[in-house]
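Report on the following structure.
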Amino acid sequence: MKRIALFFAAAFAGISALAQPQLREDNIEEVLQAMTVQEKVALLVGGPTFDVAGPAGATRAIERLGIPGTILADGPAGLRIDPLRKGTDKTFYCTSFPVGTLLASSWDTALAEEMTTAMGNEVLEYGVDVLLAPGLNLHRNPLCGRNFEYFSEDPLLSGKMAAAYVRGVQSNGVGTSIKHYAANNQETRRDYNDAQISERALRELYLRNFEIAVKEGKPWTVMSSYNRLNGEYTQQSNYLLTQVLRDDWGFDGIVMTDWGCKDGTVASAKAGNDLMEPGRQVEIDRILEAVNNGTISQEELDRNVRNMLKYIVKTPHFRGYKFSNAPDLAAHAKVARKAAEESIILLQNNNGALPLKGTEKVALYGVSSINFLSCGTGSGHVNMAYSVNMQDALSGAGFTLDEELTTYYKAYGQYLEAVRLINGKDYRDDWWNGRKWKDEELPVSAITRQAGNNDLAIIVLNRQAGEGSDRKLDPDFELTGVEQKLILDVSQAYHALGKKVVVILNVAGVVETASWKNKVDAIVLPWTPGQEGANAVTDILTGKVNPSGKLPMTFPLNYVDVPSATNFPDGLGANGDKGKNIDYTKYEEDIFVGYRYYISAGVPVSYPFGYGLSYTEFSYSRPMVKVSGKGEVTATVTVTNTGSVAGKEVVELYISAPEGGLKKPQRELKAFAKTKALAPGESQTITMTLTPYDLASYNQDASAWETAPGTYTALFGASSTDIKATAKFKLAK
Ligand code: BGC
């Protein structure tokens with residue numbers, strides 16, 4: 001009897017094991033078949049977070065089938081989780097790395113990969129499965145509030161940077177979520193705004209960056225954006241999520257909604273949006289009802305669930321990875337510093353004002369000197385253990401700081417901090433950080449006294465930004481009256497004594513420079529460079545590091561010159577027609593975004609796309625282009641360091657297409673590369689290859705990519721307007 005019972009127990013266990021397969025990489029179909037409809041639907045809607053404090057979201061576990069939950073956390077400049085937890089003294093800080101815009105300023109994909117390899121290690125070691133990054137929407141307009149998270153106004157630079165970023169993070173066995181797909185180029189009414197864009201501009205610009213990132217980076221996940229595109233929510237667009245993303249580009253991961261998905265949950269699921277985040281019961285109810293009444297077919301349901309299972313088997317939680325909660329933050333801080341150093345841009349350096357000796361007496365101006373901004377707010381923020389400020393970085397490097405000023409700014413900082421406490425604001429993750437830290441007017445008499453007491457002046461200006469709102473023309477883009485006066489008064493006082501003035505732009509977005517740049521000697525642009533950024537700036541100031549960053553976007557002379565100035569909210573055109581730019585935005589400039597416009601239309605700018613100075617000089621020689629039988633283009637040029645210090649040079653390859661065929665920008669970036677550190681006199685030959693597809697334009701009437709036949713010009717540039725060498729080549733149709 002006992003033996004019979006045992007036999008039945010064993011048999012039952014066998015049957016139930018058969019009926020309840022445990023998820024493995026090779027039994028996804030079996031598990032899918034074993035899932036109930038309720039379980040399938042649950043997997044498509046985000047659930048409560050676990051294991052980690054403060055991540056953005058999670059996917060649900062189905063324990064019966066050995067399906068673990070997984071954790072999703074921001075963000076683009078480093079992992080964003082809560083640093084403190086109840087019941088423990090242990091801290092969970094993450095490294096604040098340079099923001100996307102600064103990383104793109106390196107024009108160095110190897111550097112990006114190195115930096116994000118470190119970033120991804122924190123994701124892994126803190127028990128997170130997917131980093132919700134990188135953000136790669138184009139800088140269509142300098143007022144977009146999230147530009148700092150994004151890379152560039154150019155789709156090639158954005159796409160290449162994003163692909164490198166993805167490869168670096170994912171080399172740790174964790175995922176990324178490239179975002180926000182697609183055309184999320186403004187924050188004003190971001191959850192509703194309809195971006196009205198021609199198919200050509202979409203294909204060549206706003207999707208092109210994502211295409212490169214998908215094909216060359218192979219991200220595990222894509223995040224669909226909040227906005228609409230040509231009338232339809234991107235989350236609900238079969239065209240975007242299935243036809244283009246999966247069918248055309250071969251994406252095989254999951255698509256998740258941006259946080260707080262739309263009422264059209266059912267349309268989203270059908271369009272190919274696998275996961276609704278952060279997930280609500282109502283979404284489960286909607287999908288369940290649609291499956292029951294046949295609006296969502298069994299195939300559609302299974303397709304999405306299959307995608308989810310394929311994603312889950314890749315994750316650390318599935319592998320049972322024992323995360324340490326102790327990544328090597330000291331080592332990662334060094335990586336963050338190096339990444340900033342290799343990316344910071346020297347915008348101006350009149351009469352060799354920089355580098356400095358490092359022992360000078362410095363009058364350091366600006367409230368940002370003690371509240372140096374490392375990163376943005378919102379999901380672009382990182383909870384870091386510390387952030388170096390300019391006062392500490394400069395004095396740590398050997399400079400002597402004017403005590404009157406350091407004391408003044410410290411006291412002013414304490415005052416602002418007191419006001420913050422009264423207001424109960426957490427400035428570490430709030431608009432307070434930067435938005436409220438405004439400079440106050442300094443008496444000219446004090447500035448004159450300080451000019452006498454010091455060798456030079458350094459002025460630090462800041463601009464903060466973050467998701468949820470766009471930057472304002474005045475005062476985010478424009479300098480304030482106080483800032484203009486500070487620059488004027490300081491320049492007059494110091495120049496009168498033959499002393500230099502340096503400006504550091506610690507800004508989250510492009511600012512106006514044309515009206516004041518000639519008053520100062522040097523301008524350094526570190527953007528918001530991460531927690532070690534002030535040290536990196538100091539290394540640039542002293543020449544310990546020779547700057548090699550270049551602009552990933554244009555600095556216009558005036559905001560009115562921006563091609564989307566009249567159809568961007570709060571710029572120039574938002575008045576009158578209330579819906580315009582708020583409910584919908586017509587991308588009237590079409591493919592003429594950034595330098596594509598300025599150069600083609602002959603509009604002068606303050607600093608062109610691709611521009612940045614070095615402490616050395618480079619010459620370009622032997623430009624050559626060869627075309628293979630298959631139409632593959634190989635372009636080479638030799639770069640020589642003709643100056644007196646070692647340095648790296650970014651080589652930008654622009655192509656001018658022949659007349660005829662589709663109207664095109666006068667030149668377009670088609671490849672770029674960065675030299676190694678070249679010693680004085682040393683040369684390096686750079687080789688860049690292009691396919692006919694890289695050279696093609698999208699003919700929307702024919703729904704096809706076309707490469708015009710004829711003679712092309714390859715322009716090897718130190719910037720988009722500083723062309724150092726050219727070569728011609730012919731292409732057949
Ligand atoms: C942002 C995303 C972010 C998500 C989760 C959203 O508001 O748009 O970029 O990943 O929140 O924090």
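The values are calculated or read from the model by the stated rules, or taken from the named source; none is laboratory data. Please read all numbers here as calculations on a predicted model, not as lab measurements. No Cβ is skipped: glycine too gets one built from the backbone with ideal geometry, and neighbour counts run over all protein chains shown. Surface accessibility is based on the protein's heavy atoms, side chains included, excluding ligands, DNA and RNA. Shrake-Rupley method; radii C 1.70, N 1.55, O 1.52, S 1.80 Å.
Quick look at the numbers
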quantity	calculated
In the range 98-140, the residues that are of a type in the set (A, V, I, L, M), within 16 Å of the ligand (Cβ to nearest atom) and more than 23 Å from THR49 (Cα to Cα)	VAL99, LEU136, LEU138
Cβ-Cβ under 7 Å pairs, at least 6 apart or on other chains, the range 180-191 side among the acidic types (Asp, Glu), far side away from the ligand (no atom under 13 Å from the Cβ)	GLU187/ASP470
Residues within the range 141-171 that are under 10 Å from the mean Cα position of the chain (by Cα), within 15 Å of the ligand (Cβ to nearest atom) and not hydrophobic (A, V, I, L, M, F, W, C), tallied	5
Some residue of the range 33-44 being more than 16 Å from the ligand (Cβ to nearest atom), under 30 Å from LYS648 (Cα atoms) and surrounded by 22 or more Cβ atoms within 10 Å (Cβ to Cβ)	no
Residue check, GLY610 within 18 Å of LEU205 (Cβ to Cβ), at pLDDT 95 or above and open to solvent by less than 20 Å² (accessible area, probe 1.4 Å)	yes
Hits in the range 484-502 (condition: open to solvent by 10 Å² or more (accessible area, probe 1.4 Å) and closer than 16 Å to VAL460 by Cα)	GLN484, LYS485, LEU486, LEU488, ASP489, LYS500
Tally, over the range 316-333, of residues that are surrounded by fewer than 21 Cβ atoms within 10 Å (Cβ to Cβ) and either free of Cβ contacts under 8 Å to residues at least 12 places away in the same chain or not in a helix (DSSP H, G or I) (or both)	9
Where a residue in the range 369-381 is within 14 Å of the ligand (Cβ to nearest atom) and its partner, wherever it lies, is of a type in the set (Phe, Trp, Tyr) and open to solvent by less than 10 Å² (accessible area, probe 1.4 Å), with Cβ under 9 Å and at least six apart	CYS375/PHE97; CYS375/PHE148; GLY376/PHE148; GLY380/PHE148
Qualifying residues in the range 452-483 (those that are over 21 Å from LEU505 (Cα atoms) and part of a helix (DSSP H, G or I)) - the one least open to solvent (accessible area, probe 1.4 Å)	GLY452
Residue count for the range 293-311, restricted to those that are open to solvent by 10 Å² or more (accessible area, probe 1.4 Å) and either touching a residue at least 24 places away in the same chain (Cβ under 8 Å) or assigned to a helix (DSSP H, G or I) (or both)	9
Members of the range 76-92 found to be surrounded by 24 or more Cβ atoms within 10 Å (Cβ to Cβ) and touching a strand residue (DSSP E or B) at 6+ places or on another chain (Cβ under 8 Å), listed by number	PRO76, LEU79, ARG80, ILE81
Inter-residue pairs, beta-carbon under 7 Å, first within 14 Å of LEU202 (Cα to Cα) and in the range 224-242, second within 16 Å of the ligand (Cβ to nearest atom) and modelled with pLDDT under 95, 6+ apart	ARG228/ASN193
Residue count, the range 48-65 (criterion: assigned to a loop (DSSP other than H, G, I, E, B) and either within 13 Å of the ligand (Cβ to nearest atom) or open to solvent by 30 Å² or more (accessible area, probe 1.4 Å) (or both))	9
All positions within the range 67-87 that are free of Cβ contacts under 8 Å to residues at least 60 places away in the same chain and within 16 Å of the ligand (Cβ to nearest atom)	ALA73
Where a residue in the range 455-467 is within 17 Å of ALA77 (Cα to Cα) and in the same structural domain as THR513 (by TED's automatic domain parsing) and its partner, wherever it lies, is aromatic (Phe, Trp, Tyr) and within 16 Å of the ligand (Cβ to nearest atom), with Cβ under 9 Å and at least six apart	GLN464/TRP431; ALA465/PHE148; GLY466/PHE148; GLY466/TRP431
Boolean, THR116 is free of Cβ contacts under 8 Å to residues at least 60 places away in the same chain and of a type in the set (S, T, N, Q)	yes
Total residues in the range 711-722, condition surrounded by fewer than 19 Cβ atoms within 10 Å (Cβ to Cβ) and either among the hydrophobic types (A, V, I, L, M, F, W, C) or touching a Pro at 6+ places or on another chain (Cβ under 6 Å) (or both)	1
Residue match in the range 128-139 (condition: touching a residue at least 12 places away in the same chain (Cβ under 8 Å), closer than 19 Å to ASN185 by Cβ and open to solvent by 10 Å² or more (accessible area, probe 1.4 Å))	yes
Residue selected from the range 621-647 under the condition touching a Pro at 6+ places or on another chain (Cβ under 9 Å) and open to solvent by 30 Å² or more (accessible area, probe 1.4 Å), by the criterion nearest to LEU111 (Cα to Cα)	ALA646
THR257, sole failed condition from (1) closer than 22 Å to VAL174 by Cα; (2) open to solvent by 20 Å² or more (accessible area, probe 1.4 Å)	(2)
Test: residue in the range 185-207 that is out of contact with any strand residue (DSSP E or B) (no Cβ under 6 Å at 6 or more places or on another chain), within 18 Å of GLN243 (Cβ to Cβ) and within 16 Å of the ligand (Cβ to nearest atom)	no
Residue among ILE254, ILE284 that is closer than 25 Å to ASP129 by Cβ, away from the ligand (no atom under 16 Å from the Cβ) and either among the β-branched types (Val, Ile, Thr) or touching a residue at least 12 places away in the same chain (Cβ under 8 Å) (or both)	ILE284
Exclusive hit being assigned to a helix (DSSP H, G or I), without any contact (Cβ under 8 Å) to a residue 40 or more places away in the chain and either within 16 Å of the ligand (Cβ to nearest atom) or in contact with a strand residue (DSSP E or B) (Cβ under 8 Å, 6 or more places away or on another chain) (or both), set ALA290, ALA267	ALA267
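Residues are listed down the side, and each one gets a yes or a no for (1) in a helix (DSSP H, G or I); (2) surrounded by 19 or more Cβ atoms within 10 Å (Cβ to Cβ); (3) within 16 Å of the ligand (Cβ to nearest atom):
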residue: LYS215; (1), (2), (3): yes, no, no
residue: MET223; (1), (2), (3): no, yes, yes
residue: GLN235; (1), (2), (3): yes, yes, yes
residue: GLY250; (1), (2), (3): no, no, no
residue: ASP263; (1), (2), (3): no, no, no
